[in-house]
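To start, the structure itself, in structure tokens.
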């Protein structure tokens, strides 16, 4: 399950998924910056929800009256490969 994905005009340029939150190695190279690395799915979901809440609060302070949308969790269309570590 992808928890965070970063997109630009070219498409997806980074994602935090099971390769990160189930990782056993010490190095995180995904877009979470290490927040979810090796934490397991449940803790990673909690970390990501807290991060999204902080982003929305900051946006509200910095840009009052403007809206922000942060996507919710969804199942992936194509499952990730099993056993691939980051």
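Assorted remarks:
- Picking from residues in segment 49-77 that are farther than 19 Å from residue 7 by Cα and part of a loop (DSSP other than H, G, I, E, B), the one that is modelled with the lowest pLDDT is 66.
- Hits in segment 1-37 (condition: loosely packed, with under 11 Cβ neighbours inside 10 Å and either part of a helix (DSSP H, G or I) or in contact (Cβ under 8 Å) with a residue 24 or more places away in the chain (or both)): 24, 25, 27
The values are calculated or read from the model by the stated rules, or taken from the named source; none is laboratory data. All values derive from a computational prediction rather than experimental measurement. Counting neighbours? That spans all protein chains shown, and the Cβs are built from the backbone with ideal geometry, glycine included.
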